[in-house]
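No value in this document is a laboratory result; all are computed from the given coordinates. Because the structure is a prediction, the values reported are computed rather than measured. Don't worry about glycine lacking a Cβ; one is built from the backbone with ideal geometry, like all the others, and counts go over all protein chains shown.
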Amino acid sequence: MTFHHALVQAAQRRHLADELRRITDADARHRRLTEVAIDTGGSIIDPTKQGRAGPVYAEISLLGLYHIGETMEEAMAEWIKAAQRCAPMNVSTPHLQESQTCS
């Protein structure tokens, strides 16, 4: 079986996006996104936490997908939509072990 990194990453994005959609509390969603960013080497920039000299837009770069928004909530919503569009519903990675997927 050939290992396709892009398919694995697409499945991870889709799994995380589906998980984040189910989290209705914005703070809990942000905490989960932050956990995954730390675990995978992603980045999250929240302008409300940067002070006056910080960036203007909220930015999320995670699992090979980048999105911005005027607020962190908007950036998260846009990242989720983009992640779901990038991976078809039937993305599956049966050769992955549970420890290799986003949880």
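Given labels modelled 7 Å from the Cα in the Cβ direction, how far is it in nm from residue 34 to residue 61?
2.0
Please list, ordered by chain and number, the residues whose modelled amide H lies under 5 Å from the amide H of residue 64; skip anything fewer than 5 residues away on the same chain.
When sequence neighbours closer than 5 places are left aside, there are no close amide H contacts.
Using the Karplus curve 6.51 cos²θ - 1.76 cosθ + 1.60 with θ = phi - 60°, work out ³J(HN,Hα) for each residue of the stretch 9-25 in order, rounded to whole Hz, and write x for Gly and Pro.
Per-residue couplings from phi come out as 5, 5, 5, 5, 4, 4, 4, 5, 4, 5, 5, 5, 4, 6, 8, 8, 7 Hz.
Compute the signed sum of charges (Lys and Arg +1, Asp and Glu -1) over the other residues within less than 12 Å, Cβ to Cβ, of residue 75. Before the final figure, lay out each step's value.
On the way: positive: 29, 81; negative: 46, 59, 70, 73, 74, 78.
Its environment carries a net charge of -4.
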